[in-house]
Structures are given as C-alpha cells and as structure tokens.
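K.L.:
One structure, as structure tokens, below. Some questions next.
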Amino acid sequence: MALSSHHRRFFHLGVGVLGSGIALWWSLRGVKWNEVLTALAQVRWGLIPLLVFTFWAHCRVRAYRWRYLLPPPHQAAPPDLFDGLIIGNLCTFLLPLRAGEFIRPYLVSRRGTYPYPACLASVVVERFFDLSSVLLCFGLVASHFSALPFWVYRGAQGLGILAVSLLVGIVVGAFFRGTVIAIVRRLFGLFGEHWRERFVKIVDELLCAAASLRNLDALAKVLAATVFVWGSTFLSYYLFIAMVPTVTPSVTMSVAMTVIVALAVAAPSAPGFLGVYQAGCVGALDLFGVPTEDAIVIALVSHALQYLMVLGFGLCSLRRQGVGWGELRQRVSGEESPIDVVKELGKGLPGHEGARR
C-alpha cells in the first residue's frame, strides 16, 4: 500500500534523524573533552570578519550564476536571486527535508518573471554542476594521498570520469537534446520499456531545463562562477582550519575537507546537517593526522559560524522580501523532497506541453 505524503515525510525525517544520531556518535566516540575545551579556548576568533566577507561574496556569485541557469533573457533581479538563495539556505538549516530547495524557486517565481517549475529546474541543473565539481575535486585530491588504499585511487578516478561525463553530458545535451535522448534510450534498452522510458523522461526534462546553456556567453559565465563558488568554499574551510592554532592548514587539506563534508551532508540527516557535518570534518581531517579533539573543535566552530551567518543574512533577506516564516513553512508542508519532484520538474518548461502557471 502506498504511503501518504504525510507518512512519507515522517519516514524521511525519521531516517534523517537516525542518520544524524549515528554520525554524531561516530564523530564523538572516545573524545577527550578536556582537550576539546583547551583547544576551544585558543580559537582565533579574529578570522571571523574575513569569513563573513567570504560567505557574502560566495553567495553573491552563486546568485549571479543562478541568473544564467534560468531561461533567457535572464530577467531575474540579482537582489531577488541573492535573497532567494540566502532564505533557501536558512530554510535548509532550520526545516527538515532540505526545504530550501523548494523555497528558493518559490521566492523567485512569486515575482512573476518565471514559473515555479522553471525555477525549480534551474536549481536541479545547478546541483548537477556542483555535484560534478565535488566529484572532480575528489578525484584530484585523492591523488595527493600516498597512504590511501588502491581501491580508493580507482574509485577517485572513476568519480572524476563520472564528474566530467555529467558536465559534458549536460552541456552537449543542451545543444543536441534529441541526439542525446536517442543515445540514452538505446543504452538503457536492456532495462525494460517502463524503466527505460522513466529514465529517458528525467534526462529529457533535465536537458530541457539546461536550455539556457545553449548561449555560449551564459555557459562561460556559469562555468566561471562555478570555479569561484568552489574556490571561495575552499578558502572558507582553509580559514576554519586556521582558527585552531595547533593545526597547520594547507590547500590540499581544505579541498579534502570541503569535498568530504559535501559528500557527507548529501546523506539523510536532521535539519542543518547535524551529525553528518561533524562526521565529514572528523573523517577528512583524520586523513591528515589531525587529532580528533582538534577536528571536533574545527567541526563545532565552523558549523556554528555557518549557522550564525546563514541566520543573520537570512533574517535580513526575509525582511527585504517581506516574507513571513509561517508562509515558508506552509509552502513546504506539502512537499516531500527534491528527488521526489524531479519527475515533475518538466511541467511548465519550454518545450513541454501542459505548462503549469
């Protein structure tokens, strides 16, 4: 018997809370709390202004990139995109099931420039760009660790190839949608007509959403912005590590921490990535021989600062947009998760019939 939307939401939330609990237990097992308190007393809080500026610049460029992932003629106002992005982050930190992925397109679509499905589709395309970046960086970073098992190197190489394939596939598919769909249909012919057509439908809608990339100028801007987005993220984690004076940061360490944390928070978790974030930090820093106590301090301080920055900027954006918290909670109350609505994102996009207004 199929579960109702309410029960599915409850189930996903329960799985997330369980995942956070297990990850938090793994991160904190055997920790010497007296050493954690000693390390906390030595934290370099003077780096906070630079972190805040880096966070602001990161969000500004992400908003700029989002503008060129939306359908042309890219009419969305940059301040609305920035506020939508910030408020979406706030909802992801405070509400379950990554609610910010729904709030971002809703806030932009309410201005009337784009329909909601087109805005949601642009967020999905953005996630594919970020996924490709994470996997590619992981493949590059893994080559710097001489002590890693052979299968990790092979896995990293495979993920790097997958990353490039995803990125090239989206870009090429934006120009040659029909040809790519025909290839996908042939490649997945062995899976049976039902599953083949479902997969083809998702790929087709994703490529339709990526139609804005047919403009070479927009594509160049998206790629350049993606480099800055992840470069600023690496810088942020470099500064987080540098806040603990007993740990010497490096570019490789910050990239590894960024990538592993990004992969960790993709797992089901409680709101705000509690537990999985700490597990990602501890696991990444352990590769460089950082003591668990120092890694816990970096995890706690960086997570808390991100909460505060998202909360501070988010409240300002809420005020500028004139949006109430109750309205946002009501908006996501009927949603399930971004994955559950991928099959619907094509409705209302250019090239599809039955547009939803």
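K.L.:
Check segment 93-100 and report whether any residue there is at pLDDT 90 or above and under 30 Å from H12 (Cβ atoms).
P.N.:
yes
K.L.:
Output the residues belonging to segment 302-334 that are open to solvent by less than 30 Å² (accessible area, probe 1.4 Å) and polar (S, T, N, Q).
P.N.:
S302, S317, Q321
K.L.:
Turning to a different aspect of this structure: For a quick check of your reading of the model, give me the residue pairs whose first member lies in segment 37-66 and is within 16 Å of V301 (Cα to Cα), whose second is surrounded by fewer than 18 Cβ atoms within 10 Å (Cβ to Cβ), with beta-carbon atoms closer than 6 Å and at least 6 apart or on different chains.
P.N.:
Q42/P245
K.L.:
Can you find even one residue in segment 51-71 that is more than 14 Å from the chain's Cα centre (by Cα), under 30 Å from T292 (Cα atoms) and at pLDDT below 85?
P.N.:
No; the residues of segment 51-71 include none that is more than 14 Å from the chain's Cα centre (by Cα), under 30 Å from T292 (Cα atoms) and at pLDDT below 85.
K.L.:
Taking segment 263-273 only, how many residues are more than 13 Å from L95 (Cβ to Cβ) and surrounded by fewer than 21 Cβ atoms within 10 Å (Cβ to Cβ)?
P.N.:
Number of matching residues: 5.
K.L.:
If I filter segment 102-149 down to residues being open to solvent by 60 Å² or more (accessible area, probe 1.4 Å) and among the small types (G, A, S), which single residue comes out as farthest from Y68 (Cα to Cα)?
P.N.:
Here the residue is A147.
K.L.:
Related question: Would you point out which residue out of A211, A118, A182 is small (G, A, S), farther than 30 Å from D286 by Cβ and without any contact (Cβ under 8 Å) to a residue 12 or more places away in the chain?
P.N.:
A182
K.L.:
Would you pick out the residues in segment 27-54 that are open to solvent by less than 30 Å² (accessible area, probe 1.4 Å) and hydrophobic (A, V, I, L, M, F, W, C)?
P.N.:
Across segment 27-54, the qualifying residues are V31, V36, A39, V43, L51.
K.L.:
Moving on to the next point. Which residue out of G84, G112 is of a type in the set (G, A, S) and touching a Pro at 6+ places or on another chain (Cβ under 9 Å)?
P.N.:
G84
K.L.:
Something else: Kindly establish whether P79 is in contact (Cβ under 8 Å) with a residue 12 or more places away in the chain and open to solvent by less than 50 Å² (accessible area, probe 1.4 Å).
P.N.:
So P79 fails the test.
K.L.:
For segment 183-285, list the helices (runs of 4 or more DSSP H) that sit wholly inside it and hold at least 3 residues that are at pLDDT 85 or above; which are they?
P.N.:
216-242, 251-264
For every residue, the table says whether it meets (1) part of a helix (DSSP H, G or I); (2) among the acidic types (D, E); (3) closer than 25 Å to P271 by Cβ.
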| position | (1), (2), (3) |
| --- | --- |
| P79 | yes, no, no |
| D83 | yes, yes, yes |
| C91 | yes, no, yes |
| P96 | no, no, yes |
| V123 | yes, no, yes |
| L131 | yes, no, yes |
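K.L.:
Based on this model, can you work out whether L90 counts as surrounded by fewer than 22 Cβ atoms within 10 Å (Cβ to Cβ) and of a type in the set (A, V, I, L, M, F, W, C)?
P.N.:
So L90 does not fit the description; no.
The values are calculated or read from the model by the stated rules, or taken from the named source; none is laboratory data. None of the values given here were measured: they were computed from a predicted structure. Virtual Cβ from ideal backbone geometry, glycine too; neighbours counted across all protein chains shown. Heads up: the accessible areas ignore ligands, DNA and RNA and are worked out on the full protein's heavy atoms, side chains in. Shrake-Rupley method; radii C 1.70, N 1.55, O 1.52, S 1.80 Å.
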